[in-house]
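*Asks:* Take this structure, written in structure tokens, and hold onto it; I'll ask about it next.
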Amino acid sequence: IRVADADSVAVIGLGRFGSSLALELMDNGTEVLGIDGDEDIVQSLNGQLTHVVKADSTKEESLRQLSLPDFERVVVAIGSDVQASILTTSLLLRFNIQHVWAKAVSDAHGTILEQLGVQHVIYPEKDMGKRVAHLVRGAMQDYIEIGDDFALVKTTPNSVVIGRPLGETQIRSKYGVTITAYKRPGQAWNYTTAETIIQAGDTILVAGATRRAEVFSQLA
Ligand code: ADP
């Protein structure tokens with residue numbers, strides 16, 4: 001396998017998480033080398049990724065044959081087999097790959113990956129659980145925590161902001177949030193300015209410290 005360009009990404013472990021990630025990368029125009037030890041999985045993704053190969057990623061020789069040391073970005077999406085995840089990850093770190101992302105299935109797993117030196121440890125189920133909790137609890141239509149205590153919330157406007165220019169609402173000083181964008185039914189998303197007047201029926205995008213964005217989004 002020849003690495004097409006520096007933009008290529010290798011995804012190791014093509015279970016539910018890895019395959020979804022690999023297909024999304026392909027959709028966005030990124031070349032993907034997918035690796036899994038399971039023949040059926042490799043078969044089912046054949047033709048959908050740039051390359052799909054059956055290999056045991058805990059074997060240094062296999063990874064070298066696949067030119068893994070030449071990749072700048074590799075995702076280890078092996079979760080349930082913690083031993084395979086750790087062995088694979090430590091090989092990649094030894095290859096000095098610039099960006100290694102590794103999925104953790106538990107806090108202990110994540111701690112080990114961090115101790116190994118992985119810069120990007122991801123906790124898909126934990127993060128998704130938290131995110132859905134915010135959706136379930138409030139009137140939010142969508143919620144994303146950017147990290148470092150900052151969140152973006154898609155929601156319906158409350159009485160504080162409806163009907164007068166955003167510049168006059170003082171929500172930044174009073175509530176610690178800002179409305180970054182709004183959408184009128186049937187129209188595209190638009191950036192807000194100090195002159196924007198939000199109407200009932202609009203959808204807004206609130207940005208701010210996680211708790212404050214959440215509190216603001218729950219005001220009537
Ligand atoms: P998910 O929850 O996203 O489905 P899993 O951890 O269950 O994730 O799946 C991980 C995938 O990684 C499986 O398809 C499995 O075949 C693959 N895998 C596990 N160990 C290895 C290994 N040593 N080499 C290559 N692929 C592996």
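*Asks:* Which residue, of VAL32, VAL74, VAL53, is assigned by TED's automatic domain parsing to the domain that holds LEU92 and closer than 14 Å to ILE97 by Cα?
*Replies:* Going through VAL32, VAL74, VAL53 in turn, the sole match is VAL74.
*Asks:* State yes or no: is THR210 of a type in the set (Val, Ile, Thr), at pLDDT 95 or above and in the same structural domain as ARG131 (by TED's automatic domain parsing)?
*Replies:* no
*Asks:* Would it be correct to say that ARG164 is of a type outside the set (Ser, Thr, Tyr) and out of contact with any Ser or Thr (no Cβ under 9 Å at 6 or more places or on another chain)?
*Replies:* yes
*Asks:* In this structure, does ALA108 turn out to be within 21 Å of GLY15 (Cβ to Cβ), crowded, with 18+ Cβ neighbours inside 10 Å, small (Gly, Ala, Ser) and modelled with pLDDT of 95 or more?
*Replies:* no
*Asks:* Within the range 113-160, restricting attention to residues that are among the aliphatic types (A, V, I, L, M), touching an Asp or Glu at 6+ places or on another chain (Cβ under 9 Å) and more than 27 Å from GLN98 (Cβ to Cβ), which residue is surrounded by the fewest Cβ atoms within 10 Å (Cβ to Cβ)?
*Replies:* Across the range 113-160, the extreme among qualifying residues is LEU135.
*Asks:* Return the residue satisfying two criteria in turn: it lies in the range 49-68 and is away from the ligand (no atom under 14 Å from the Cβ) and either in a loop (DSSP other than H, G, I, E, B) or in contact (Cβ under 8 Å) with a residue 12 or more places away in the chain (or both), and of such residues it is surrounded by the fewest Cβ atoms within 10 Å (Cβ to Cβ).
*Replies:* SER67
*Asks:* Hey, another quick one. Can you find a residue that is touching a residue at least 40 places away in the same chain (Cβ under 8 Å) and on the phi < 0 side of the Ramachandran plot anywhere in the range 169-187?
*Replies:* Yes - at least one qualifying residue is present in the range 169-187.
*Asks:* Considering only the range 69-158, give the helices (runs of 4 or more DSSP H) lying wholly within it that have at least 3 residues that are touching a residue at least 24 places away in the same chain (Cβ under 8 Å), within 16 Å of the ligand (Cβ to nearest atom) and farther than 30 Å from LEU219 by Cβ.
*Replies:* Hits in the range 69-158: 82-94, 107-116.
*Asks:* Hey, another quick one. Somewhere in the range 20-37, is a residue closer than 22 Å to ILE112 by Cα and under 21 Å from the mean Cα position of the chain (by Cα)?
*Replies:* no
*Asks:* Working only within the range 38-88, note down all residues that are hydroxyl-bearing (Ser, Thr, Tyr) and under 23 Å from the mean Cα position of the chain (by Cα).
*Replies:* Scanning the range 38-88 gives THR50, SER80, SER85, THR88.
*Asks:* Sticking with this one: Take ILE12 and tell me if it is closer than 16 Å to VAL118 by Cβ, touching a Gly at 6+ places or on another chain (Cβ under 6 Å) and crowded, with 17+ Cβ neighbours inside 10 Å.
*Replies:* No: the conditions fail for ILE12.
The values are calculated or read from the model by the stated rules, or taken from the named source; none is laboratory data. Predicted, not measured: the structure shown is a model, and the values here were computed from it. When we count neighbours, we look across all protein chains shown, and the Cβ atoms used for this are built from the backbone with ideal geometry, even at glycine.
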